[in-house]
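Notes for the one structure printed next.
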Amino acid sequence: MEELRRLAELAGDRGLRICVAESLTSGRLASTVGAGENASEWFGGGVVAYITAVKERVLGLVPGTDPYSPACAEQLATGALALFDADVCVTTTGVGGPGPEGGHPAGTVLLGWATSEAVGHRSFVFSGSPDEVLDATVEAAVRLLAFHVETLRPAGPRRGGTQEGISPIRSGAPGADAAASAASRSAS
């Protein structure tokens, strides 16, 4: 996968730590990212949190959050970013199929992302078998990781501030306090 090669090169060259948190993809994303060249230098790891209670306990998902929502994807990203003390995180959640779940159609995918500077999500609807949906999700997640590794400000990890067009990490958001604390530590 060309994007994985690009991600590995960018993360290695920039000295950034990457992590992932997965629900929908059940470890496929971590396995793919971990296969990148010199991954031991830049891949901090991944968490597979399939049931909601684990998402809440391990990654700071606010109880009552729809597990198929943008809020869930973003909260998982900020929680994992703090857990791994990483620079860039991407998360996967959604409905792989074959049928709908929780009122959401099969193929509904949300990728959360977080950096030390901001948090956000991307929404997709993929068609095909459950395996095809998962493969498309992993490919999209690797592309999103590479994008954020490439666009994170080059002055170094955990710089604080915001980038135009994306929301800064908000105090009180799961993982935000830990990410802000890490940002202030590295700034001193």
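Quick note: the coordinates plus some simple rules give every number you see, no bench work behind them. Since the model is a prediction, treat every value here as computed from it, not as a measurement. Using ideal geometry, Cβ is built from the backbone for each residue, glycine included, and neighbour counts are taken over all protein chains shown.
Miscellaneous remarks
- For the stretch 101-127 versus the stretch 1-23, the gap between their alpha-carbon centres in whole angstrom: 19 Å
- Each of the peptides 71-79, 112-120 was scored by the mean count of other Cβ atoms within 10 Å over its residues; in descending order, highest first, they stand as 71-79, 112-120.
- Per residue, the average separation of C-alpha pairs within less than 8 Å and at least 6 apart gives the stretch 1-120 a relative contact order of 25 percent.
- Cβ crowding within 10 Å averaged over residues, with 52-59, 84-91, 34-41 ranked highest first: 84-91, 52-59, 34-41
- Scalar couplings 3J(HN,Hα) for the stretch 72-84, obtained by applying the Karplus form with A = 6.51, B = -1.76, C = 1.60 to θ = phi - 60°, are 4, 4, 6, 5, 4, 5, 5, x, 5, 4, 5, 4, 8 Hz; x denotes Gly and Pro.
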